[in-house]
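All remarks here apply to the structure that follows.
Just so it is clear, none of the values below were taken in a lab; they were calculated from the coordinates. What you see is a predicted model; the values in this text were computed from it and never measured. Note that we place each Cβ from the backbone using ideal geometry, even for glycine, and neighbour counts take in every protein chain shown.
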Amino acid sequence: MNASTLMPTLVIGAGAWGTALAIAMARNGHEVLLWGRDPEQLSRIAAERMNSRYLPEIVLPESLKIEMDLAKALAHCQHVMVSVPSAAFSETLNKIKPFLPKNIPLSWATKGLTPQTGQFLHDTAIEILGAGHPLAVVSGPSFAAEVAAGLPTALTVASRDGEFAKALANALHGPALRAYTTNDVLGVQIGGTVKNVLAIAAGICDGLGYGANARAALLTRGMAEIMRLASVLGAEPETMFGLSGMGDLILTCTDNQSRNRQLGLAIGSGLTVDEAVVKVGKTVEGMHAAREVLLRAQQAGIEMPIVEQVCKILFEGYDPRKSVQALLCREQKAESPVVG
């Protein structure tokens, strides 16, 4: 399998990230189809040759085609990439299942868990589609607008099928986009999910005006929470310090392009959660993931106090200042286990 055998690729999801990834592959000379659930938006994209709603002024490459007919697109493609919010992931797979060619490779650029169940998306994909399709997840520190603008970016492609991982990485890899591969599908999903919850916490911290020291402490202790969860669930520790772990955590927690950070900043500045959601105006994956991450932690018997406080603020009406105080008042202990 090589990059050309994945073409044409159908990207499902005409939001910012789906469009940016479609643009990246098309710029490499590959044939790419883009489909979204809003026919009017697709018609505008096709007419204007840009996604003015999400990526204004970025002209689509010629090899990127807008496809209005999902069944037709699925019949024509050699690879499907899903880029939808985690809350719509199961629905999307169920929608494409009747038209999906047998054993066709499928990837996704969605960061999160399946709502209500806390199931990792890899397991959800197998549950819905069966075990015949090679699967991969694309993750890492990346804002859609910067990828679309051709700014330097590095991503990770994770798959238990080594040939598929390499082929997809080659399809994405270009002059301004570097793609690495790994077989640690679980670890990449953990990093990409938990960092969104921690970015809400970082935004709250900065919105409260607690300063750079507090933000650095929060990121470091947040990373410890990621490591605990990853260790218990069986992910590779090295993955947590790679692009999809530490890299994505730093990006999402420190840059205001992050919707998760934006939500936290709004809450920290005094808005209610509902008001903050309206202000951000777009899907905030960390809000969807927070409960599921805490559920997985409780099932695994580990503590994730920052995630727990984020859940209390988002869903139980806790005062952010009191939540920060609750973290500061936790029992003093060694930063890492004492050896010997």
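List of remarks:
- In the stretch 3-183, the alpha-carbon atoms span a convex hull of 103 Å³ per residue.
- Taking the Cα centre of the stretch 187-329 as reference, the dipole from Cβ charges on Lys and Arg (+1) and Asp and Glu (-1) amounts to some 200 debye.
- In the stretch 187-329, taking the dipole from charged Cβ atoms about the Cα centre, the farthest positive-side position among PRO237, LEU314, GLN299 is held by LEU314.
- Alpha-carbon centroids, the stretch 97-170 and the stretch 1-54: separation in whole Å: 15
- Helix 39-48 vs. the chain, principal-axis angle (Cα, 0 to 90°, nearest 10): 70
- Computed over the stretch 217-340, the range of Cα coordinates on each principal axis works out to 51, 32, 26 Å, biggest value leading.
- Label-to-label distance, nm, for residues given as SER231 and ARG160 (7 Å Cα→Cβ offset): 2.5
- Taking the Cα centre of the chain as origin and assigning +1 to Lys and Arg Cβ atoms and -1 to Asp and Glu Cβ atoms, the resulting dipole is close to 140 debye.
- Loop-located trypsin sites (Lys or Arg not before Pro) in the stretch 258-334 (DSSP state other than H, G, I, E, B) with a sparse environment of at most 10 neighbouring Cβ atoms within 10 Å: ARG330, LYS333.
- Alpha carbon centroid spacing (whole Å) that separates the stretch 187-257 from the stretch 72-91: 28
- One decimal place: the segment GLU31-SER269 gains 81.1 nm when fully extended, by the rule 0.36 nm per residue minus the C-alpha distance.
- Förster radius 25 Å - calculated FRET efficiency between GLN257 and VAL59 (Cβ-Cβ, nearest 0.05): 0.75
- Extension gain from ALA149 to GLU91, taking 0.36 nm per residue of separation minus the Cα-Cα distance: 17.8 nm
- Stretchable slack from ALA176 to ASN103, in nm (0.36 nm times residue separation minus alpha-carbon distance): 23.2 nm
- Pairs from LYS279/LYS333; LYS102/LYS166; LYS282/LYS322 whose Cα-Cα separation, in the structure shown, is over 31 Å: LYS279/LYS333
- When the charge dipole of the chain is built from unit charges on Cβ atoms (+1 for Lys and Arg, -1 for Asp and Glu) and taken about the Cα centre, the candidate among PRO39, THR220, LEU121 whose Cα reaches farthest toward its positive end is PRO39.
- Near-label residues of the stretch 189-218 by backbone N, under 16 Å of a point 7 Å along Cα→Cβ of ARG321: 204-211
- Helix-derived mean residue ellipticity, 222 nm - over the chain, DSSP H n ≥ 4, -39500 (n - 2.57), to 500: -15500 deg cm²/dmol
- Angle between the chain longest axis and helix 305-316 axis [Cα atoms, degrees, rounded to 10]: 80
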